[in-house]
Ligand code: NDP
């Protein structure tokens, strides 16, 4: 008789948890997974996937405008938020069904309900207790809201995906991925959008030129970005209007709007899981501290994805899930996940694609850095007349000539940088980029034809 009910019990059926359970089951392990909400997790249910659908929807407005320069007359266009949300919900339900079917076909037992640890080998789901040799925590993250007066009137991206009515005026608080992406969505769909960010420039941590370029471009679309500003409180007026008080330096003013959306980061979802009681070490944000193999401080308890508070990206969680399952049941050497040179994108409008080091990071790690940069009007904008510019930047170590980073703001940047990510990950040099023939006419050909450089030495900075 096996000592435990399962070989692996996974808590959380999101990207990381589902991948880990399927891979473990394919290795012959007896696997169960618990989910208290919907199978698919943040990415599928209220993150990447619905967000991208909304981004598509919001771009038509400009596409219709741009069409006229190409000889088209587009008349009578109108937009229905309820239709968009209903269609999006249908697609999400379809994907959720596919995820559930994948688990079923993999012979993974799904426990519906909130799971918590009783001890290092026992999990409680609802009123059931099950035992497992190993436990994988893959519970993701949850929006983090500061405690300001009136926060109960505000929404997060979770609710933004489900609003019954499109807000005409939206205040978005934060300057990260979610803030910038939703600013573009609401603006593209016709809402008035203000972004309130506490820092000097949006997208902290990204290359400075990316930040400045994107800020200019989204400003041109009529998004009001209030830098160095803090929302002090939100009041609900009798007619339902939300009045936010914003402190900008010494000046205080109010903004009236229909929705205040907080996009002020996400925290690992570890509350109530019984992890600390089981001896699992958490970091200051509540994230499960793990090593490069996903092992927590307690033998037999692992964690992957956003709950580990490392890189909160779906493809990273999927890799980590694969790694833990292969380490546990693959019968070979433990699998370590490489978190270097992870490409990422911000689905802003225009979008951002980035891989590798920023200029500042490169200067901090090399004596001499060469910067190749292009800023141009995309070809499509010639006939459309749209005032839009694309920015590309390669960061090269002067000594080895290795391309350390590639950054782009402009149409198709995520698609382009995904390809360039292979070259950066492979450690290719600028000469190897230059030896590659461009595809004409594309924006991406700039990345293999940039010849003018700017040199920056660490000593001079
Ligand atoms: P981010 O960490 O990207 O941004 C949070 C923003 O909120 C920052 O601008 C931060 O300011 C600000 N902020 C934090 N706390 C406060 C506060 N108390 N008051 C005012 N402002 C505050 O988080 P997001 O919520 O945008 O996204 C969470 C994560 O999800 C991302 O980091 C990313 O990993 C992932 N994600 C990825 C996407 C993609 O791949 N396209 C899309 C969406 C999310 P400051 O900079 O000063 O700290």
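The values are calculated or read from the model by the stated rules, or taken from the named source; none is laboratory data. Predicted model, so just to flag it, every value in this text is computed and none were measured. All Cβ positions, glycine included, derive from the backbone under ideal geometry; neighbour counts span all protein chains shown.
Points worth noting:
- For the stretch 200-221, taking the residues that are in a loop (DSSP other than H, G, I, E, B) and either crowded, with 16+ Cβ neighbours inside 10 Å or over 20 Å from the mean Cα position of the chain (by Cα) (or both), the one that is farthest from the ligand (Cβ to nearest atom) is identified as 221.
- Test: residue 321 is away from the ligand (no atom under 16 Å from the Cβ), modelled with pLDDT of 95 or more and not in a strand (DSSP E or B): yes
- Some residue of the stretch 164-171 being within 10 Å of the ligand (Cβ to nearest atom) and over 14 Å from residue 263 (Cβ atoms): no
- Residue match in the stretch 419-436 (condition: surrounded by 17 or more Cβ atoms within 10 Å (Cβ to Cβ), touching a residue at least 60 places away in the same chain (Cβ under 8 Å) and within 15 Å of the ligand (Cβ to nearest atom)): yes
- In the set (1) within 16 Å of the ligand (Cβ to nearest atom); (2) in contact with a strand residue (DSSP E or B) (Cβ under 7 Å, 6 or more places away or on another chain); (3) under 30 Å from residue 58 (Cβ atoms), the condition left unmet by residue 237 is number (1).
- Residue in the stretch 265-283 that is within 30 Å of residue 391 (Cβ to Cβ), part of a strand (DSSP E or B), touching a residue at least 24 places away in the same chain (Cβ under 8 Å) and within 12 Å of the ligand (Cβ to nearest atom) present: yes
- Within the stretch 174-194, residues that are more than 21 Å from residue 414 (Cβ to Cβ) and touching a residue at least 60 places away in the same chain (Cβ under 8 Å) reach partners that are more than 14 Å from the ligand (Cβ to nearest atom) and assigned to a helix (DSSP H, G or I) with beta carbons closer than 7 Å, at six or more positions or on different chains, in the pairs 190/61.
- Residues satisfying the stated conditions in the stretch 124-140, i.e. within 25 Å of residue 45 (Cα to Cα), buried (at least 16 other Cβ atoms within 10 Å of the Cβ) and away from the ligand (no atom under 16 Å from the Cβ): 124, 125, 135, 136, 137
- Options 143, 149, 82: the member that is modelled with pLDDT of 95 or more, within 16 Å of the ligand (Cβ to nearest atom) and farther than 27 Å from residue 346 by Cβ: 149
- Inclusion of residue 190 among residues that are surrounded by fewer than 22 Cβ atoms within 10 Å (Cβ to Cβ), under 22 Å from residue 153 (Cβ atoms) and out of contact with any strand residue (DSSP E or B) (no Cβ under 7 Å at 6 or more places or on another chain) is not warranted.
- If only residues of the stretch 293-312 that are more than 21 Å from the chain's Cα centre (by Cα) and under 21 Å from residue 342 (Cβ atoms) are counted, the one that is surrounded by the most Cβ atoms within 10 Å (Cβ to Cβ) is 302.
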